[in-house]
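Undergrad: Can you keep this structure in mind? I'll have questions shortly.
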Amino acid sequence: MAIPPSYIQELVARNDIYDVVSRYVSLQRAGRLYKGLCPFHSERSPSFMVYPETQSYYCFGCGAGGDVVKFTMEMNSLTYIEAIRFLAQSCGMPMPDEDDGMAKLKSRIFQMNKLAARYFHNNLNSEDGKNARKYLRDRQLTDKTIVNFGLGYASNSWNGLTDYLHRQGFQDDEIVKAYLAARGKNGNIYDIFRDRVMFPIIDLRGNVIAFGGRRMGDEGGPKYLNSGDTPVFKKSNGLFALNLAKKSGKDTFILAEGYMDVISMHQAGFNNAVATLGTALTSQQAKLIGDYAKKVIISYDSDEAGQKATRRAVEIFNKEDLTVQILQISGAKDPDEYIKKYGAQRFEMLLEGANNAIDFSLAKLKNQYDISNADERVEYLTKACDILVDINNPIQLDVYCTRLSKETGIGIESLKTQLRRTRKRRYRKQENKKEKEILRSGIGRNIKIDYREKGNTVPKAFAQQEIICALVRDNSFYNYVKDKLTPDNFTDGDMRRAYTVFVNLIEQNIPVDYSTLAYNLDGGVANTLARIFANNADIILTQKDLQMHIENLLTAKLSRSEASEKSLDEIAERLKLMREKKK
């Protein structure tokens, strides 16, 4: 739904950034600002800052930034519209007119899913569901567990659910868009889920958003069938049972492959288990786990497919600020079978002894090489050093180097020499990446000289950032800028988009603040703006500053290749010499 800028401004005014953030983060005053430990990554020293003046926040540790709406989205795993609705309800504001078709469709799908879940659950307790009940009993699920997870049964009928939903007033197109029915060649619709045990998928606010279905017989499609993406559900973004695991109060989550694994673990007392929704783990799901846990134990099946999925999951989790452990299950193929065979206590002991991701990665790597062969031994050790290079604890590193030395006959000092080379290579790569990000870092703010004489791309990019920052802080500056700059003058794509949106809003006589501008930009640009405002929190931008930045933007001419050859320190030193020369 389209939301007017004036509504966003009113919403932000009624939901002060300090008041909202302080519900989740302990904030301390730091001059005109507030600081605290970032809720989006683990840290010991506070790097998370709240800026009342611009009603924004920014973390100098992980780069998270935005306004009160973005913060609400991230903290509660909501979409933008859902976050706006959440904030509107909290301050008693009515939502704008929701006559938009998509908003109505989403509401209808939520209603249909809720009714479908009840329909499936009632079926399970009917005569028609006796085989499904037997299946669940054979899986040793209790009545309490069945009710807690809202399990149900889709009857072996082509139109049982569709007829029921028709009686509730829903139309064919709506039922198809909810992925509860499909349209046949003759144009009629039929139930997608037939003769299946049904697993409702519930979001963090208690809405039924989708379903998974386990086939009862040997025929009738895939063993597990999951809802496709709908207007209220995207399977790559959610997790099964997250709504329950979130309430566990534990900072460790167990990630399993299947619904039954998760349900079995919850029944056994491990209520911090979650599963993906019929897909391989995605970066969005890993981030979602990181929002609620500090550690994850990957508990996939012990077969080759499960181990391959584990390796892939480790790669994804390594990009998040999470401790990763791997559960090695022996004597059973999955957690469900292990708990049934050995009991909850043995499974808890298994969890406590879970290998860390380094042990798992080294073991899998070793299986790929014949270390009795000299060439393969060298390749194995080289790649092993790539794994060990992230270890910061010298004692832990010494333990692994000693182990590798004994395995391969290579001296510990040789391994540590290779590790140092690997670190240098990694450092150079990171520095190159950092230099490329200078354009977006706002770091040039401390370099206050004229760049027209052999300028460079760092201050040119910086000039674009400062112009946008000044305009948003004081809209009246636009009268000075509008005859001097067009969007084409902005070489940074993000700043060009920000300037274009700013001009469009101002020309419509709409006041522009950070939230209004961010609402009309994609998340990446909005986050960049949050960083710019954070870097300028203690800087007063005058019209004279604005004039200087416009001149720098229009005249700076250092070639990209020349700039890329210089480190930030070299650029700063060069500008310092230029300034002294001018004096």
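The values are calculated or read from the model by the stated rules, or taken from the named source; none is laboratory data. All values reported here derive from a predicted model rather than from experimental measurement. Backbone-built Cβ (ideal geometry, glycine too); neighbour counts: all protein chains shown. Side chains are part of the model used for accessible areas, which takes the heavy atoms of the whole protein and leaves out ligands, DNA and RNA. Shrake-Rupley method; radii C 1.70, N 1.55, O 1.52, S 1.80 Å.
Undergrad: Going 7 Å from the Cα of LYS333 toward and past its Cβ, which residues in the stretch 300-324 have a backbone nitrogen under 18 Å from where you end up?
TA: Once the point is set 7 Å along Cα→Cβ of LYS333, 300-310 turn out to lie under 18 Å by backbone N, inside the stretch 300-324.
Undergrad: Also, quick follow-up: Rounded if a/c is under 1.5, else prolate if a/b beats b/c, else oblate: with a ≥ b ≥ c from the C-alpha gyration tensor eigenvalues square-rooted, which is the stretch 285-422? Display every interim value, and only then the final one.
TA: Numbers: a/c = 2.12, a/b = 1.62, b/c = 1.31.
Judged from the Cα gyration tensor, the stretch 285-422 comes out prolate (a/c at least 1.5, a/b above b/c).
Undergrad: Greater than 19 Å separation of Cα atoms is the criterion. Which listed pairs, LYS250/LYS341; LYS460/LYS484; LYS235/LYS294; LYS308/LYS333; LYS308/LYS340, meet it? Spell out each step's value before the answer.
TA: On the way: LYS250/LYS341 26 Å; LYS460/LYS484 16 Å; LYS235/LYS294 23 Å; LYS308/LYS333 14 Å; LYS308/LYS340 25 Å.
From the list (LYS250/LYS341; LYS460/LYS484; LYS235/LYS294; LYS308/LYS333; LYS308/LYS340), the Cα-Cα distance tops 19 Å for LYS250/LYS341; LYS235/LYS294; LYS308/LYS340.
Undergrad: Just to confirm my understanding: which cysteines in the chain have no other cysteine beta carbon less than 4.7 Å from their beta carbon?
TA: When partners are defined as cysteine Cβ atoms under 4.7 Å apart, the chain leaves CYS62, CYS91, CYS385, CYS401, CYS469 without one.
Undergrad: I've got another one for you. How high is the FRET efficiency between GLU304 and LYS340 when r is their beta carbon distance and R₀ equals 30 Å, given to the nearest 0.05?
TA: The value I calculate is 0.85.
Undergrad: Between ASN393 and ALA30, what is the FRET efficiency for a Förster distance of 22 Å, r being their Cβ-Cβ separation, to the nearest 0.05?
TA: 0.10
Undergrad: Pairs LYS134/LYS234; LYS70/LYS246; LYS234/LYS429: which are spaced more than 27 Å apart, C-alpha to C-alpha?
TA: Listed pairs above 27 Å: LYS134/LYS234; LYS234/LYS429.
Undergrad: At 7 Å along Cα-to-Cβ for each site, give me the label-to-label distance between SER476 and GLU413 in nm.
TA: Result for the modelled spin labels: 7.2 nm.
Undergrad: How high is the relative contact order of the stretch 142-256, in percent, with contacts defined as C-alpha pairs under 8 Å that are six or more residues apart? Spell out each step's value before the answer.
TA: Numbers: 149 pairs, mean separation 24.4, N = 115.
Here the relative contact order equals 21 percent.
Undergrad: ARG196 accessible area, nearest 10 Å², 1.4 Å probe?
TA: Accessible area, nearest 10 Å²: 0 Å².
Undergrad: Further question on the same structure: List the trypsin sites (Lys or Arg not before Pro) in the stretch 269-305 that DSSP assigns to loop (not H, G, I, E or B) and whose Cβ has at most 16 other Cβ atoms within 10 Å. Which are they? Display every interim value, and only then the final one.
TA: On the way: sites: LYS287, LYS294, LYS295; in loops: LYS294.
For trypsin sites (Lys or Arg not before Pro) across the stretch 269-305 that sit outside H, G, I, E and B with at most 16 neighbouring Cβ atoms in 10 Å, the list reads LYS294.
Undergrad: Over the stretch 236-288, calculate the relative contact order: mean separation of alpha carbon pairs under 8 Å at least 6 apart, over the residue count, as a percent.
TA: On the way: 71 pairs, mean separation 26.8, N = 53.
So the answer I get is 51 percent.
Undergrad: Report the full-extension gain for the segment ASN148 to ILE506: residue separation times 0.36 nm, less the Cα-Cα distance, to one decimal in nm.
TA: Extra length from ASN148 to ILE506 when fully extended: 123.6 nm.
Undergrad: Here is a follow-up. At most 16 other Cβ atoms within 10 Å and a DSSP loop assignment: could you name the chymotrypsin sites (Phe, Trp or Tyr not before Pro) in the stretch 132-181 that fit?
TA: TRP158
Undergrad: Check every DSSP H run in the chain and write down those whose alpha carbon atoms cover 27 angstrom or more along the long axis and whose mean Kyte-Doolittle hydropathy is -0.5 or greater.
TA: 101-124
Undergrad: Looking at the square roots a ≥ b ≥ c of the eigenvalues of the Cα gyration tensor of the stretch 225-328, which shape do they give, rounded for a/c under 1.5, prolate if a/b is larger than b/c, or oblate?
TA: It is rounded, given that a/c, with a ≥ b ≥ c, falls under 1.5.
Undergrad: Excluding ligands and nucleic acids, what accessible area in Å² is computed for MET548 using a 1.4 Å probe, to the nearest 10?
TA: For MET548, the solvent-accessible surface is approximately 50 Å².
Undergrad: Per DSSP helix of 4 or more residues, -39500 (n - 2.57); summed, then divided by the residues of the chain. What does that give at 222 nm, rounded to the nearest 500?
TA: Working: 27 runs with 296 residues, N = 583.
Helices in the chain give a 222 nm mean residue ellipticity of -15500 deg cm²/dmol.
Undergrad: For the ranges 256-263, 110-117, what's the packing order if you count other beta-carbon atoms within 10 Å of each residue, average per peptide, and put the highest first?
TA: Working: 256-263: 24.2, 110-117: 20.0.
Highest mean packing first, the order is 256-263, 110-117.
Undergrad: Evaluate the relative contact order of the stretch 328-408 (contact order divided by residue number), counting alpha-carbon pairs under 8 angstrom at least 6 apart; express in whole percent.
TA: Relative contact order of the stretch 328-408: 19 percent.
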